[in-house]
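Below: one structure, written as structure tokens.
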Amino acid sequence: MDFAPTEEQLLVQRTARDAAERILLPRAAARDLSSEFPLAEMRELAALGLLGIAVPEALGGADAGTVAYSLALQELARGDGSVAVTVSVTNMVAELIAKYGSPVLAEAWVPRLVSGELVAGAFALSEPQAGSDSAAMRTTATKIDGGWRLDGSKQWITSGDHAGVMVAWAKTDQSAGHKGISAFVVPGDAKGLTVARLEEKLGLHGSSTAQLVLDGVEVPDDALMGVPGGGFALAMVALDGGRIGIASQAIGIARGALEAAVRYAGERHTMGQAIIKHQGIGAMLADAATWLDAATLMTLRAAYLKQHGQPYTQQAAMAKLFATERAWQICDIALQVHGGYGYVRDFPVERALRDVRATRIYEGTSEIQRIVIARGLLRTAG
Ligand SMILES: Cc1cc2nc3c(=O)[nH]c(=O)nc-3n(C[C@H](O)[C@H](O)[C@H](O)COP(=O)(O)OP(=O)(O)OC[C@H]3O[C@@H](n4cnc5c(N)ncnc54)[C@H](O)[C@@H]3O)c2cc1C
């Protein structure tokens, strides 16, 4: 077993760390206040090759693998959790089209996505009545001459208002349950695609979350990915990989908060000594550091398995569950260590706590991860 990252992985990690320090951190608090989409930042990250880390070189990516991707996303999230989720979804969409779109579709969209020309990609699965239960979606795709017509609405779509391209799921056969769901590549400027509202969220203010309406959106036949009825399986595969991204995002946010807390605990004095020397504070920070280390190892293991073509559904679900639940606790500890100063905007920990909360919800809630893990246990019990 080798725990040492390769030269290439270290290079990607260093590039992302430098980008987070130089491009993201200086304006992260301002973006949180203004809810401004990180347009310029996404283009700068694209120019550094950070939007297509695990995408094949032939399609403009770096082909550096999932471990490098996780390491990079952790660094970006340490700088700004909002930008990290925007990058994570864009990467997920690029990987999905690269792997499951036709060669023509992949060549048409993936290079433009990873180069930053399209700024962001969106993953349009959830609907107002269908989040955890995505098979309950109501959006339909009706066959027309030479293509498909999509009608319905999508809820909670990250970057839905800025995406140059999205993968949208719709029912091509309404009587077939999840086997009637298909996946389509839809241009962000497609006629009939509109933004119905932008959500006002607890955190991740620098990431946009849109409700979309598809009103007679027409796409050609080759916009369908895979086979009709194969879309649900594609969504599940994409979410397996996406969960490594969200675990990495949670780790990065928590790492930033913990570093701030350790710094503060070394500087702040009460009763004659630095508060980190009070056993109660030191023990909380020790727990937080231990959880963070475990979460990082679990996430990198899931990334390693994905990268090497081995089954990783169970490990990705475990990593997402553990990393996001503990990251939430770590951010809470970081805030507590700051006392009253943790509760105000002067320090970054209140933003970390708000930002990290969403990681326990999207790409499958913690309850759904437990279902995935329990099903895996049943399978391996024989
Ligand atoms: C900021 C943000 C960004 C998002 N981005 C995207 C995106 O880009 N694309 C996209 O498609 N979606 C996105 N989502 C949607 C997200 O994936 C869903 O919100 C999530 O899957 C939960 O679905 P729901 O909100 O409908 O809750 P519900 O499914 O209604 O769940 C409500 C509660 O019931 C629990 N629950 C549901 N079913 C079960 C069960 N079988 N057993 C036990 N408990 C259960 C859930 O865990 C939850 O606690 C985003 C959400 C947020 C908040």
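The values are calculated or read from the model by the stated rules, or taken from the named source; none is laboratory data. Treat the numbers as computed from the prediction; the structure is a model and nothing was measured. All Cβ positions, glycine included, derive from the backbone under ideal geometry; neighbour counts span all protein chains shown.
Assorted remarks:
- Flag for S102 being over 24 Å from Q307 (Cβ atoms), within 13 Å of the ligand (Cβ to nearest atom) and hydroxyl-bearing (S, T, Y): no
- Residue satisfying condition, being under 23 Å from the mean Cα position of the chain (by Cα), under 17 Å from S208 (Cβ atoms) and not charged (D, E, K, R), within set Q129, Q155: Q155
- Any hit, region 339-354, residues being within 13 Å of the ligand (Cβ to nearest atom) and either in a helix (DSSP H, G or I) or among the small types (G, A, S) (or both): yes
- Filter pass, E363 being in a loop (DSSP other than H, G, I, E, B), within 27 Å of L33 (Cα to Cα), under 20 Å from the mean Cα position of the chain (by Cα) and within 16 Å of the ligand (Cβ to nearest atom): yes
- Some residue of region 211-222 being surrounded by 14 or more Cβ atoms within 10 Å (Cβ to Cβ) and without any contact (Cβ under 8 Å) to a residue 40 or more places away in the chain: no
- Qualifying residue in region 259-266 (condition: part of a helix (DSSP H, G or I), within 15 Å of the ligand (Cβ to nearest atom) and buried (at least 23 other Cβ atoms within 10 Å of the Cβ)): no
The rows are residues; the columns are (1) in contact with a helix residue (DSSP H, G or I) (Cβ under 9 Å, 6 or more places away or on another chain); (2) in contact (Cβ under 8 Å) with a residue 60 or more places away in the chain; (3) over 26 Å from A210 (Cα atoms); (4) aromatic (F, W, Y).
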| residue | (1), (2), (3), (4) |
| --- | --- |
| F37 | yes, yes, no, yes |
| G52 | yes, yes, no, no |
| V83 | yes, yes, no, no |
| A98 | yes, no, no, no |
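- Residue pairs whose Cβ atoms lie under 6 Å apart, sitting 6 or more positions apart in sequence or on different chains, and linking a residue in region 281-310 that is within 21 Å of E75 (Cα to Cα) and not assigned by TED's automatic domain parsing to the domain that holds Q13 to a partner that is of a type in the set (D, E, K, R) and in a helix (DSSP H, G or I), are W291/R326; A295/R326.
- Set L378, L292, L335: member being assigned to a helix (DSSP H, G or I), modelled with pLDDT under 95 and over 16 Å from the mean Cα position of the chain (by Cα): L378
- Of the residues examined, I181 is one that is farther than 30 Å from G203 by Cα and within 13 Å of the ligand (Cβ to nearest atom).
- Test for A136: is it without any contact (Cβ under 8 Å) to a residue 60 or more places away in the chain and away from the ligand (no atom under 16 Å from the Cβ): no
- Residue match in region 343-352 (condition: of a type in the set (A, V, I, L, M, F, W, C) and under 23 Å from F123 (Cα atoms)): no
- Condition met for G147 (in contact (Cβ under 8 Å) with a residue 60 or more places away in the chain and away from the ligand (no atom under 16 Å from the Cβ)): yes
Conditions tested, residue by residue: (1) of a type outside the set (D, E, K, R); (2) touching an Asp or Glu at 6+ places or on another chain (Cβ under 7 Å).
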| residue | (1), (2) |
| --- | --- |
| P26 | yes, no |
| S34 | yes, no |
| V55 | yes, yes |
| R78 | no, no |
| A84 | yes, no |
| L96 | yes, no |
| K99 | no, no |
| F123 | yes, no |
| S132 | yes, no |
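- Any hit, region 329-337, residues being away from the ligand (no atom under 16 Å from the Cβ), more than 27 Å from G131 (Cα to Cα), surrounded by fewer than 17 Cβ atoms within 10 Å (Cβ to Cβ) and not assigned by TED's automatic domain parsing to the domain that holds S208: yes
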